[in-house]
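*Asks:* Below are the structure tokens for one structure; questions will follow.
The values are calculated or read from the model by the stated rules, or taken from the named source; none is laboratory data. Remember, predicted model here, so these are calculated numbers, not experimental data. Positions of Cβ are backbone-derived with ideal geometry, glycine not excepted, and every protein chain shown enters the neighbour counts. Calculation scope for accessible area: heavy atoms of the full protein, side chains included, ligands and nucleic acids excluded. Shrake-Rupley method; radii C 1.70, N 1.55, O 1.52, S 1.80 Å.
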Amino acid sequence: METKSIMIVGVGGQGSLLASRLIGNVLLSQGFDVKVSEVHGMSQRGGSVVTYVKYGDKVYSPVIEKGEADIIISFEALEAARWVSYLKKGGHIVTSTQQLDPMPVIQGVMQYPEDVIGKMKAQGIDVLSCDALSLALSVGNAKASNVVLMGLVSTKMGFEDKYWQQALESCVPPKFLELNKKAFELGKNA
Amino acid sequence: MKKLMLGNEAFARGLYEGGCKVASSYPGTPSTEVTEEVAKYDEIYSEWAPNEKVALEVALGASIAGARAFCGMKHVGLNVAADPLYTAGYTGVNGGLVICVADDPGMHSSQNEQDSRHHAIASKVLMLEPSDSDEVKEFVKQGFELSEKFDTPVIVRMTTRVAHSQSAVELCERQGDELKAYEKNAAKYVTLPANARKLHVTVEERLEKAAQYGNDCPFNKVEINEGAQFGVITSGIAYQYSREALGDKASYLKLGLVNPLPVDIIRDFAEKYETVYVIEELDDIIETHCRKNGIKVIGKEIFSKIGELSQTIIAEKILGKTPEFDTFSEPVPVRPPVMCAGCPHRGLFYCLSKLKVTVTGDIGCYTLGAAAPLSAMDTTICMGASISALHGFNKARGEESERKSVAVIGDSTFMHSGMTGLVNIAYNDSNSTVIILDNSITGMTGHQQNPTTGKNLKGDPAYAVNLEALCHALGINRVRVVDPYNMKECEEAIKEELAADEASVIISRRPCALLKYVQHKPALKVNEDKCVGCKMCLKIGCPALSVHNGKAVIDATQCVGCGICTDMCKLGAIGE
Ligand SMILES: Cc1ncc(C[n+]2csc(CCOP(=O)(O)OP(=O)(O)O)c2C)c(N)n1
């Protein structure tokens, strides 16, 4: 099988680590060669962060380049727009509608573009979105918004639900498992 | 059993399986997780040393004592540890000594882009370069064998993408952890000139032998593809990029032993192809070696010495392929890293920016104080340079400068290499003002303990250096402590110490807001009746604060109630 590429993007601190672990877990269960790559350090502090997940028969480069991503999962609307150039023709964006102002916007030096998601769609990009933060809050924890998005993205990846459930069981501490399973379900049906 | 492992985690696994007994390191992205993972193995004694020089000396001592030993650091750390390294090349080892050096092509979180292969060449020690997690583990394990076989420290060069990528690793048992006998051997370990002259001969002979070994060793691999149109000589992550970009169109010589470089295997490979490319990240080290030996290759005339390589760059330069993609229809505002909401550095930096003082800075989370809107930093060079450079700045510009300049340095950085600069201020008498930003942790690299925090690498209670007493002992009489959440107190202290007629230290003390034990206050609220939208509160650059529709807005998911913005608002519009 040709190598597939998934990017997880967001703002430092939004929980992309758990998301990449869940996906990595599901892919391993399917017997794929998998590489997951993220940059730690400075960029964690409120900056733009990105994780690459690649899988197939044999994966070489851990990095995803412009025009290569089959799916971009984004925890924040502007971050989805930032990485559009990394999407392969015909690829999918799965994004939360949440908006976080970056410092140049807070300082009034730049504008947060209006209706980011609408504009991406108008460009002909397949965008699937949900208000992951509100859905996560509805199950009682804002932090579960990453798992809501995993539920949503699972509808695009074509692996059986039971593998996602197993991944949740092995990646999430038992006391948060029920909450995260609910969050996943909400995302799947969003 | 196969497991997905981060390159750094695989490094630690290799140390464990290879029988490592003693590990001493100093944190630095992208190397930090190696030692954090080592700490999880009870079979290995592990510690954070105050700096890389100390760490390497500890590891060398353990090696001389007969244990397999390890020392880890980022690329610039090797500059600090260069002194022991260059002589460790002469003394050699007893138990195997493996050093992790993590380079950061692309400078994801570093102040320069140096290529540590130069250090291996100059110090004449062996260097290995793996390209994925499984290789990392194997190279580290075999690194111990190599170290003992050739009687030399072995550096394993990591780069960000290898260190911070996860791939499958096959786990094995631990072996080789018996302590070797220690015998006093002054001719080997006491590098008096008379001994060192003989040792230098041994070093050159060893390099010869290792270069020969490189012609037929498990680290250097030839991969011939039928019908390949050209050859590629490469190493490390550049192999993975090349393989992805060029596939079966090329044959490959993948070099895992990158110092010393072999000759015959390269020549034999190169002779098979009309065109041979050297694909290496950063400097032209393999390429220069080829040219020196009369082997014709194409290298940096098409590839850059700057930044990372990638499959796209390689496909473009060699196959002439350009990627296809769309971009978003509008400009996307950049999202630079910022000090977190509640960061104790913020209040102090606001005072510095308000007082318009010259600030010689240092390396840590507080370097973000250089960014707008605080913009309160004039220099950042290397760890420790804030204090020593301030002294030099003041010696050059005299008393007037002493009255309006400060150095800022974090607690970990002060212990790393700030103390000697402070002694210099006392000894050579400049009336300088130094601010130690004591947030009780090594923040920038992701919360490592250090000698001031009262805990060790394993999180167990440890001796905590008393910074006030230390500064006194180093010769500074005026030492005072302020709370950076209290901006009025900070501003007064800075003004007074700048006016004082002798050197002084201000310790700005409050733990990092992200530490688990730190209690947060509820998010603050804006009283919309009082807020006039003047944006005064935005001057502190807090990511939880913005102004929408003419009123300040606080993001309750980020705000930890530090109250700096409350103090900024003259109208009393922000409160609990
Ligand atoms: C020689 C060297 N070693 C390691 C590093 C990586 N590094 C950058 S900042 C830093 C320490 C920061 O800790 P501290 O001074 O306590 O400041 P904080 O980030 O907590 O504000 C380290 C280890 C480096 N840049 N240079």
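*Asks:* Only residues that are open to solvent by 60 Å² or more (accessible area, probe 1.4 Å) and within 7 Å of chain A (Cβ to nearest Cβ): list them for the range B:304-329, please.
*Replies:* Selection gives B:324, B:325, B:326, B:327, B:329.
*Asks:* Would you mention how many residues in the range A:18-34 are within 11 Å of chain B (Cβ to nearest Cβ) and open to solvent by 10 Å² or more (accessible area, probe 1.4 Å)?
*Replies:* Adding up the residues that qualify gives 6.
*Asks:* Another question about this same structure. Do we have residue B:315 as among the small types (Gly, Ala, Ser) and touching a residue at least 60 places away in the same chain (Cβ under 8 Å) here?
*Replies:* Taking the combined requirement at face value, the residue satisfies it.
*Asks:* What number of residues in the range B:346-364 are within 11 Å of the ligand (Cβ to nearest atom) and among the charged types (D, E, K, R)?
*Replies:* 1
*Asks:* Looking at B:57, B:148, which is the one that is in the same structural domain as residue B:167 (by TED's automatic domain parsing), more than 22 Å from residue B:218 (Cβ to Cβ) and open to solvent by 40 Å² or more (accessible area, probe 1.4 Å)?
*Replies:* None of the others qualify; the one that does is B:57.
*Asks:* Taking only the range A:45-61 into account, find how many residues are at the interface with chain B (Cβ under 7 Å from one of its Cβ atoms) and either modelled with pLDDT under 95 or not in a loop (DSSP other than H, G, I, E, B) (or both).
*Replies:* 4
*Asks:* Is one or more of the residues making up the range B:198-212 under 30 Å from residue B:274 (Cβ atoms) and touching a Pro at 6+ places or on another chain (Cβ under 6 Å)?
*Replies:* Yes, some residue in the range B:198-212 is under 30 Å from residue B:274 (Cβ atoms) and touching a Pro at 6+ places or on another chain (Cβ under 6 Å).
*Asks:* On to the next question. Out of the residues in the range B:80-120 that are out of contact with any Ser or Thr (no Cβ under 9 Å at 6 or more places or on another chain) and within 10 Å of the ligand (Cβ to nearest atom), which is nearest to residue B:144 (Cα to Cα)?
*Replies:* The selected residue is B:81.
*Asks:* A further question follows. Among B:37, B:47, which is the only one that is assigned by TED's automatic domain parsing to the domain that holds residue B:188, among the acidic types (Asp, Glu) and out of contact with any helix residue (DSSP H, G or I) (no Cβ under 6 Å at 6 or more places or on another chain)?
*Replies:* Just one listed residue meets the conditions, B:47.
*Asks:* Test residue A:64 against the stated conditions and say whether it is surrounded by fewer than 24 Cβ atoms within 10 Å (Cβ to Cβ) and more than 9 Å from chain B (Cβ to nearest Cβ).
*Replies:* No.
*Asks:* If you go through the range B:365-392 one residue at a time, how many are away from the ligand (no atom under 15 Å from the Cβ) and within 14 Å of chain A (Cβ to nearest Cβ)?
*Replies:* 3
Yes/no per residue for (1) of a type in the set (Asp, Glu); (2) outside the structural domain of residue B:149 (by TED's automatic domain parsing):
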site	(1), (2)
B:181	no, no
B:187	no, no
B:197	no, no
B:207	no, no
B:229	no, yes
B:240	no, yes
B:264	yes, yes
B:269	no, yes
B:279	no, yes
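*Asks:* Considering only residues of the range A:87-96 that are open to solvent by 20 Å² or more (accessible area, probe 1.4 Å) and more than 7 Å from chain B (Cβ to nearest Cβ), which is modelled with the lowest pLDDT?
*Replies:* Only one residue fits best here, namely A:90.
*Asks:* One residue is enough: does the range B:548-566 have a residue meeting the conditions within 14 Å of chain A (Cβ to nearest Cβ), within 16 Å of the ligand (Cβ to nearest atom), open to solvent by 30 Å² or more (accessible area, probe 1.4 Å) and out of contact with any Pro (no Cβ under 9 Å at 6 or more places or on another chain)?
*Replies:* No; the residues of the range B:548-566 include none that is within 14 Å of chain A (Cβ to nearest Cβ), within 16 Å of the ligand (Cβ to nearest atom), open to solvent by 30 Å² or more (accessible area, probe 1.4 Å) and out of contact with any Pro (no Cβ under 9 Å at 6 or more places or on another chain).
*Asks:* Does the range B:379-391 contain any residue that is aliphatic (A, V, I, L, M), part of a loop (DSSP other than H, G, I, E, B) and within 17 Å of residue B:544 (Cα to Cα)?
*Replies:* No, the range B:379-391 contains no residue that is aliphatic (A, V, I, L, M), part of a loop (DSSP other than H, G, I, E, B) and within 17 Å of residue B:544 (Cα to Cα).
*Asks:* Right, next: Only one of (1) part of a helix (DSSP H, G or I); (2) surrounded by fewer than 22 Cβ atoms within 10 Å (Cβ to Cβ); (3) among the aromatic types (Phe, Trp, Tyr) fails for residue A:159. Which number is that?
*Replies:* (1)
*Asks:* Is it true that some residue in the range A:9-27 is part of a strand (DSSP E or B) and either of a type in the set (A, V, I, L, M) or modelled with pLDDT of 95 or more (or both)?
*Replies:* The answer is yes, given that some residue of the range A:9-27 is part of a strand (DSSP E or B) and either of a type in the set (A, V, I, L, M) or modelled with pLDDT of 95 or more (or both).
*Asks:* Considering only residues that are open to solvent by 10 Å² or more (accessible area, probe 1.4 Å) and in contact with a Cys (Cβ under 9 Å, 6 or more places away or on another chain), look in the range B:96-137 and name the one that is modelled with the lowest pLDDT.
*Replies:* Taking the candidates together, the pick is B:111.
*Asks:* Can you work out which of the residues in the range B:339-364 that are buried (at least 23 other Cβ atoms within 10 Å of the Cβ), in a loop (DSSP other than H, G, I, E, B) and in contact (Cβ under 8 Å) with a residue 60 or more places away in the chain is farthest from the other protein chains (Cβ to nearest Cβ)?
*Replies:* Once the filter is applied, the top-ranked residue is B:344.
*Asks:* Conditions: (1) in contact (Cβ under 8 Å) with a residue 40 or more places away in the chain; (2) open to solvent by 30 Å² or more (accessible area, probe 1.4 Å); (3) not in a loop (DSSP other than H, G, I, E, B). Residue B:187 meets all but one. Number of the miss?
*Replies:* Evaluating residue B:187 over (1) in contact (Cβ under 8 Å) with a residue 40 or more places away in the chain; (2) open to solvent by 30 Å² or more (accessible area, probe 1.4 Å); (3) not in a loop (DSSP other than H, G, I, E, B) leaves (1) as the failure.
One line per residue, one yes/no per condition, for (1) within 11 Å of another protein chain (Cβ to nearest Cβ); (2) surrounded by fewer than 16 Cβ atoms within 10 Å (Cβ to Cβ):
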residue	(1), (2)
A:82	yes, no
A:98	yes, no
A:101	yes, no
A:104	yes, no
A:107	yes, no
A:114	yes, yes
A:129	no, no
A:165	no, yes
A:170	no, yes
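*Asks:* Given the options B:197, B:157, name the one that is among the charged types (D, E, K, R) and open to solvent by less than 50 Å² (accessible area, probe 1.4 Å).
*Replies:* B:157
*Asks:* Just one of B:39, B:10, B:49 is over 21 Å from residue B:189 (Cα atoms) and within 14 Å of another protein chain (Cβ to nearest Cβ); which is it?
*Replies:* B:10
*Asks:* Within the range B:300-323, work out how many residues are of a type in the set (Asp, Glu) and either modelled with pLDDT under 95 or in a helix (DSSP H, G or I) (or both).
*Replies:* Total meeting the criteria: 1.
*Asks:* Those residues that are in a helix (DSSP H, G or I) and open to solvent by less than 30 Å² (accessible area, probe 1.4 Å), I need them from the range B:453-498; list them, please.
*Replies:* Answer for the range B:453-498, where residues must be in a helix (DSSP H, G or I) and open to solvent by less than 30 Å² (accessible area, probe 1.4 Å): B:467, B:471, B:487, B:490, B:493, B:494, B:497, B:498.
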